[in-house]
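Report on one structure; see the data block that follows.
The values are calculated or read from the model by the stated rules, or taken from the named source; none is laboratory data. Keep in mind that what you see is a predicted model, and the values were worked out from it rather than measured. Neighbour counts are summed over all protein chains in view; Cβ atoms, including those assigned to glycine, are modelled from backbone coordinates with ideal geometry. The protein model used for the area step is the full one, side chains on, heavy atoms only, and it has no ligands, DNA or RNA in it. Shrake-Rupley method; radii C 1.70, N 1.55, O 1.52, S 1.80 Å.
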Amino acid sequence: MSRRRQIYEGKAKVLFEGPEPGTLVQYFKDDATAFNNKKKGTITGKGVLNNRISEFVMLRLGEIGIPTHFVRRLNMREQLVREVEIIPIEVVIRNVAAGSISQRLGIAEGTPLPRSIVEYFYKNDELNDPMVSEEHITAFGWATPPELDEIMALALRINDFLCGLFLGIGIKLIDFKLEFGRLYDDQDQMRIVLADEISPDNCRLWDLHTLEKMDKDRFRRGLGGEAEAYQEVARRLGILPESGPTDMKGPEVMQ
């Protein structure tokens, strides 16, 4: 196992110091959480599958000109990413009513929305990631109006592309969460890039015909079959890992 300095540990991933300046190693865990960490568990092999799924999606997005923090996958559970200044806003794009929007507005789950809806949530676990408006974001300096315009434009482009990608493999993209960051170059020029991951952990994915859930909602709602659902998404994308889902332990943390 490699020895690296740990930078940050979240619910599903650990960030370690990268091999080159301006890079980080993103390690995908099997840990599963829901309801702002109130429900905890493990989905065996989730980290391996999410690493591969997110790699696949990030590469496809890069091909259509979406800037991302992704550099390359290093092994079964790790990928090299560019270090970015994370904007503390979760961007949720909804195509079909499900989850909190159904609860808040009394819309039956599965109801197609008249158009894609973008919502913003302030990234703060202690406050349970409250929903915020563009006014909050710009007033408190979490992002500037031009940055927010860029984030909105990127989010809608990503949604259009992913809806088509998943539709092609018989999956309906219900909604998903994105995170963005500021990437600075050697001349201190900044651009907004897609960060974090895109996987069944932060996407609601339903089978196009049966409407069976193929994402972390299976864990949230105690439906079971989480690992199988993640595997099925990877299988349809054509990226099931070559070896077993638990073949690699995490890096050893430097003290």
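Quick rundown of the values:
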{"item": "Positive-pole candidate from Pro88, Ala98, Leu74, dipole of region 29-156, charges at beta carbon", "result": "Leu74"}
{"item": "Gyration tensor verdict on region 53-202 (Cα atoms; rounded if a/c is under 1.5, prolate if a/b is larger than b/c, oblate otherwise)", "result": "oblate"}
{"item": "Assigned charges on the beta-carbon of Lys, Arg, Asp, Glu; region 23-134 dipole about Cα centre (debye)", "result": "400 debye"}
{"item": "Solvent exposure, largest accessible area first (probe 1.4 Å, DNA, RNA and ligands not counted), of Ile101, Ile169, Ile86", "result": "Ile86, Ile169, Ile101"}
{"item": "Surface accessible to a 1.4 Å probe, Phe219 within the full protein complex, Å²", "result": "20 Å²"}
{"item": "Simple Cβ-charge dipole of region 81-146, Lys/Arg +1 and Asp/Glu -1, about Cα centre, in debye nearest 20", "result": "320 debye"}
{"item": "With all protein chains modelled, accessible area of Ser54 [1.4 Å, Å²]", "result": "0 Å²"}
{"item": "Gyration tensor verdict on region 1-131 (Cα atoms; rounded if a/c is under 1.5, prolate if a/b is larger than b/c, oblate otherwise)", "result": "prolate"}
{"item": "Order by protection proxy (mean Cβ within 10 Å, highest first), peptides 227-237, 114-124, 6-16", "result": "227-237, 6-16, 114-124"}
{"item": "Assigned charges on the beta-carbon of Lys, Arg, Asp, Glu; the chain dipole about Cα centre (debye)", "result": "820 debye"}
{"item": "For region 71-151: rounded, prolate or oblate by the Cα gyration tensor [a/c cutoff 1.5]", "result": "oblate"}
{"item": "In Å², nearest 10: area of Trp206 left accessible to a 1.4 Å probe", "result": "20 Å²"}
{"item": "For region 32-71 versus region 102-145, the gap between their alpha-carbon centres in whole angstrom", "result": "21 Å"}
{"item": "Residue order for Leu49, Leu105 - accessible surface, 1.4 angstrom probe, largest first", "result": "Leu105, Leu49"}
{"item": "Links that overshoot a 20 Å alpha carbon limit, given the list Lys13/Lys213; Lys39/Lys172; Lys13/Lys40; Lys13/Lys46", "result": "Lys13/Lys213; Lys39/Lys172"}
{"item": "Whole-Hz couplings from phi, Karplus 6.51/-1.76/1.60, listed for region 206-223; x for Gly and Pro", "result": "10, 4, 4, 9, 8, 6, 5, 6, 10, 8, 5, 4, 5, 6, 3, 9, x, 7"}
{"item": "For Ile7, residues with placed amide H under 5 Å, excluding near neighbours", "result": "Leu15, Phe16, Glu17"}
{"item": "Share of carbon and sulfur in the accessible heavy-atom surface of the chain [1.4 Å probe, %]", "result": "51 percent"}
